[in-house]
Amino acid sequence: MTRKLLVTGGAGFIGSNFVRYIQNVSPETQITNLDLLTYAGSLENLRDLPVPQNHHFVHADIRDQSQVENLLRQNQIDTIVHFAAESHVDRSLQGPSAFIQTNIDGTFLLLEAARKVWLEEKAVDSTIIRFHHISTDEVYGTLAPEDPAFEETTPYAPNSPYAASKASSDHLVRSYNHSFGLPVTISNCSNNYGPYQFPEKLIPLMILNALTGRPLPIYGDGMQIRDWLYVEDHCEAIWTIIEKGRDGESYNIGGENQPPNIEIVKTICQILDEKGLQNRPHEQLITYVQDRPGHDRRYAMNINKIHNELGWQPKHDLAQGLRDTVDWYIENTDWLNAIIKEKDYQQWVQINYQQRGNA
Ligand code: NAD
Ligand code: DAU
């Protein structure tokens, strides 16, 4: 049976990659894509889709419960894939309010819409109803160097307003399964990278700044560790969970790639140097700046559960994934220029980096 998807946040980085992924692996799938087009969402991310006739974009807010309910009924949606969120940790330190409104209130209102239309009205004629919630490894807090990787049973200990808002939304999703019997799955994933990532995040920011000869701002000592995953691997893992995951379960997703930030940045510099581009050697642009307050030191994901139960594991290795990503940004300067001209990008760079002594 072919699913009818409601993708929330499908004009953002991972959501738009997911739409493309689904159109490649399951072209007949009907996708309704609901996105508010905040600073992080753009229709530029959805240009040239493989099967445009099966993608229906709706410019709306996940907090508009009646509009979501209407979409569920009218399009006979049986699967919600919930990406929409405020996603940047640094922004949550500058202004947490939007994170509470979108990530907590928004998820709550989306759950209410699903409960009403699917469980109370039984208005969707399907045996495969599922609410899949996209979450993060940041809900587990931070690891010391020798600590074992996060497991699904690791207690939640979120450290930033972003992580706390995602933890809250995870708990709400879990409770709708436990209390009302809403069919749900949750995935907690580590840091993604790849095409269409907004250049406020480490990897695209470093590529953009290196290409334009601007400083490469390393927070603190640059020895923080993330578990990097190529975005297409994340999309495949989500689809695997939706198709094969057990109701009510959460699954960790990670890349098993854990170099410190400074190594990631130096690798990007080397890739650009090899291309003979100007500003060589790019490492001369590296600038150590004031650290992120409350900066989590290390994340690592134990992915045994999704591997053993569902047979998923990452396909891309970090060295090749970084090369492909650098190539994508070089080949898509029109996309990059359109994004950085849009909305508040320059303003954000000023706010976040000037106070660190580097703008
Ligand atoms: P993003 O910031 O690139 O995109 C978020 C999208 O949500 C944007 O298109 C935005 O317009 C939309 N949106 C925001 N508020 C909305 C609202 N009220 N109603 C409708 N749409 C709204 O985010 P991303 O990096 O693609 O992350 C997607 C999801 O994955 C988030 O839930 C995030 O917490 C999670 N996640 C991200 C990563 C990562 O490394 N980027 C890792 C693990 C989990
Ligand atoms: O771990 C999953 C999370 O990964 C997701 O839930 C978040 O949505 C996503 O934004 C990401 O959070 P991070 O805070 O880890 O990502 P970011 O790209 O902002 O930073 C990655 C690391 O790089 C982090 O240790 C901070 C550091 N950094 C970041 C920026 C933007 C710098 O040193 N300099 C920078 O300019």
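The values are calculated or read from the model by the stated rules, or taken from the named source; none is laboratory data. Everything numeric here is computed off the predicted structure, so don't read it as measured data. Neighbour counts are summed over all protein chains in view; Cβ atoms, including those assigned to glycine, are modelled from backbone coordinates with ideal geometry. Side chains included, ligands, DNA and RNA excluded: accessible areas come from the protein's heavy atoms. Shrake-Rupley method; radii C 1.70, N 1.55, O 1.52, S 1.80 Å.
Between helix 13-25 and the chain there is an angle of about 60 degrees, using the helix long axis and the longest principal axis of the Cα atoms.
Here the accessible area is traced with a 1.4 Å probe on the protein chains. For region 28-139, carbon and sulfur cover 48 percent of it.
How large is the accessible surface per residue of the chain, computed with a 1.4 Å probe and reported in Å² as a whole number?
Heavy-atom SASA per residue in the chain reads 40 Å².
Charges were assigned to the Cβ only: +1 to each Lys and Arg, -1 to each Asp and Glu. The resulting dipole of the chain about its Cα centre is roughly 380 debye. Between residue 250 and 186, the built amide H atoms are under 5 Å apart, and every one of these is 5 or more places off in sequence or on another chain.
Diagonalising the gyration tensor over the Cα atoms of region 290-357 and scaling each eigenvalue by 5 before taking the square root yields semi-axes of 32, 22, 11 Å, largest first. List, in order, the whole-Hz ³J(HN,Hα) value for each residue of region 233-244 obtained from phi through the Karplus relation with A = 6.51, B = -1.76, C = 1.60 and θ = phi - 60°; use x for Gly and Pro. For region 233-244, the Karplus-derived couplings read 5, 4, 4, 5, 5, 4, 5, 4, 5, 4, 6, 10 Hz, x marking Gly and Pro. Mean projection of the Cα convex hull over all viewing directions, computed for region 208-359: 10.8 nm².
Short to long, the 5 Å bins of the Cα pair-distance histogram for region 185-244 hold 4, 15, 21, 21, 16, 10, 7, 4, 2, 0 percent of all pairs. Under a 5 Å amide H cut-off, with hydrogens placed 1.01 Å from N, residue 288 pairs with 218 among residues at least 5 apart or on other chains.
Ranked by accessible surface with a 1.4 Å probe, highest first, in what order do 208, 119 come? Mind dumping the intermediate values first?
Values: 208 5, 119 50 Å².
The ranking, largest first, comes out as 119, 208.
For residue 128, the accessible surface of its heavy atoms amounts to roughly 40 Å² (probe 1.4 Å, protein chains only, rounded to the nearest 10).
Can you check what the Kirkwood hydrodynamic radius comes to for region 99-219, Cα pairs only, in Å to one decimal?
The Cα-based Kirkwood calculation yields 16.9 Å.
In this view, the solvent-accessible surface of residue 263, computed with a 1.4 Å probe and all protein chains in place, comes to about 100 Å².
Measuring nothing but protein heavy atoms, the accessible surface of region 208-338 at 1.4 Å probe radius is 42 percent carbon and sulfur.
Working note: Karplus 6.51/-1.76/1.60 with θ = phi - 60° gives region 101-117 the couplings 5, 7, 6, 9, 4, x, 5, 4, 5, 5, 4, 4, 4, 5, 4, 5, 6 Hz, where Gly and Pro are set to x. What is the distance, in nm, between label points placed 7 Å from the Cα along the Cα-to-Cβ direction at residue 304 and at residue 317? With each label placed 7 Å out from Cα toward Cβ, I get 2.5 nm. Once the convex hull of all Cα atoms in region 46-121 is built, its volume per residue stands at 113 Å³.
In this structure the amide hydrogen of residue 224, modeled in the peptide plane, comes within under 5 Å of the amide hydrogens of 261, 262, none closer than 5 places in sequence on its chain. For the chain, a Gaussian network of Cα nodes joined below 10 Å ranks 56, 132, 88 by mean-square fluctuation, and the top entry is 56. When both bridge partners sit in the chain, DSSP labels roughly 5% of those beta bridges antiparallel. Full extension of the chain between residue 37 and residue 153 yields a length gain of 38.3 nm, computed as 0.36 nm times the residue separation minus the alpha carbon distance.
For the chain, the spread of Cα coordinates along the three principal axes comes to 62, 44, 38 Å, biggest extent given first.
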